[in-house]
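Below is one structure, written out as structure tokens, with a few remarks after it.
Derivation of every value follows stated rules applied to the coordinates shown; laboratory data play no part. Source: prediction; values computed, not measured. When we count neighbours, we look across all protein chains shown, and the Cβ atoms used for this are built from the backbone with ideal geometry, even at glycine.
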Amino acid sequence: MTDVFQPGRRRWAILGLLFASTILNYVDRQTLSILAASIQADLGMSTLEYAKVVQVFLITYTIAYVGAGWVTDRLGTKASLALFVGWWSLANMLTGLVQNVTQLGAARAALGLGEAGNYTAGPKAVSEHFPPSERGFAVGVYTAGAMVGATIAPPLIAWLALTHSWRAAFVITGAAGFVWIAAWLWIYRSAPRRAGQPAAAVAYPWSRVVRDRAVWKLAAARMVADPVWYFYLFWLPKYMGDQYQVGLVEVAQFGWVVYLAADFGSISGGLLSGALVRRGVPAVRSRLMAMSLAALLGPMGMFIAGGVGMGPMLALAAVVCFAHLVFQVNLTSLVIDRYPGHGVATIFGVIAAGSGVGGILSTQVVGELVSTTGYAALFVMMGCLHPLACVLAWWAVGGKDRSTQVAGETCKV
């Protein structure tokens, strides 16, 4: 592999800010699920209405991915991410002011429009500032912010809600985003131009994206795999209350364990594929190998359907979330490896939109099954998805070496 990057030290500060923005992203997203019982009681919202609010978020989140990728490539990483964080932070603050289910749905729809941009700007920043051997680790670190956010969200949001109110919890967590924007605008600098790279990158045409079958196959892999994460993210706190009759305090005490395991999956997944790259394994194949390992672990969540105690349930859920983040980090790194930096946000936006499509299709199914037959069938269904998504990813790229032409340089991946 030819490492054409000359990375600077500032990339670690940039990575730290990407990590922080992802924490905020997931704290703001998770606040609704943690406070679901209180909000349902206050607004008179049924379980099916709650499912529809979640689905509205996923619809706008999915639509936003395609536009956010385009905006990121046109405005650049610095301006676009500041715009996205400001938008979703304001939307989260407005959630604290809603008076009915319709207003709640509108606020969460606005949140979805902004939050998608974090995951198009992140890959672009990594492609600009990190060499292939460090990309898996970099993606793993900022992705770990999602699990840190999900881990700290239960005790933080519970404390804010119990100390003040559920409305104040939305306002306070949303306001934190504007503090982050100030730091981002101060610290971020564009990566130095590489040898042979033109001053202005050539636009990556939509016609090329649409014709690339690998893009759609990788989008299908996200569509199949990510409903597992949405299920454990949006429904696990509610499942704990329904199945084990625990309250908000107990969810805060124990629910974080699952998301901490996902943190380990995010970091270790990036380190694993990065180690394979340093040993001479082509980057794309190294990502696929790590994803295959994750696909072997994902089905363990099926055992929860047997009605295990809360401790074993949390352990099994932790394994599934660990596996999912290994899978997700390496799929993201694969996209960065495979496609040129000036178009990676647009391409990743299309691929990541598959995640939202999967969430939209699965959320209504989850809501219906929870309201009728319960959770057991859902845990079995979710256990089947990672192996299927892994097959799609191997089909998309075939594990073959590929040379990507990036603005005058060739990098074997």
Within a 10 angstrom radius of the beta carbon, how do His342, His164, His386 rank from fewest other beta carbons to most?
His164, His342, His386
Which one, Ala183, Ala315, Ala252, has the greatest fluctuation when you compute a Gaussian network model over the chain with C-alpha springs under 10 angstrom?
Ala183
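If a/c stays under 1.5 just call it rounded; otherwise compare a/b with b/c (prolate if a/b is bigger, oblate if not). Do that for segment 40-138, with a ≥ b ≥ c from the square roots of the Cα gyration tensor eigenvalues. Walk me through the numbers before you get to the answer.
Values: a/c = 2.94, a/b = 2.38, b/c = 1.23.
Judged from the Cα gyration tensor, segment 40-138 comes out prolate (a/c at least 1.5, a/b above b/c).
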What length, rounded to one decimal in nm, is gained on full extension from Leu97 through to Asp242, with 0.36 nm per residue of separation minus their alpha-carbon distance?
49.4 nm
Along segment 26-43, what does the Karplus equation 6.51 cos²θ - 1.76 cosθ + 1.60 (θ = phi - 60°) give for ³J(HN,Hα), rounded to whole Hz, x for Gly and Pro?
7, 4, 5, 6, 6, 3, 5, 5, 5, 9, 3, 5, 5, 5, 4, 5, 6, 9
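Let a ≥ b ≥ c be the square roots of the eigenvalues of the Cα gyration tensor of segment 293-368; is it rounded (a/c under 1.5), or, if not, prolate (a/b larger than b/c) or oblate? Don't jump to the answer; show the numbers that get you there.
Details: a/c = 4.05, a/b = 1.81, b/c = 2.24.
Since a/c reaches 1.5 but b/c is at least a/b, the shape of segment 293-368 is classed as oblate.
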Lys and Arg at +1, Asp and Glu at -1: neighbours of Ser38 with Cβ under 14 Å from its Cβ sum to +1
Once the Cα atoms of helix 256-278 and of the chain are each reduced to a long axis, what angle between those two axes, in degrees from 0 to 90 to the nearest 10, is obtained?
10
Note the listed values (i) 17.7; (ii) 22.2; (iii) 18.7, then indicate which one is mean projected area of the Cα convex hull in nm² calculated from this particular structure.
(i)
Need the C-alpha centroid separation for segment 247-284 versus segment 42-113, integer Å.
26
Within-13-Å neighbourhood charge of Asp28 [Cβ basis; K, R +1; D, E -1]:
+1
Can you give me the distance in nm between label points at Val249 and Leu185, each placed 7 Å from the Cα along the Cα-to-Cβ direction?
4.3
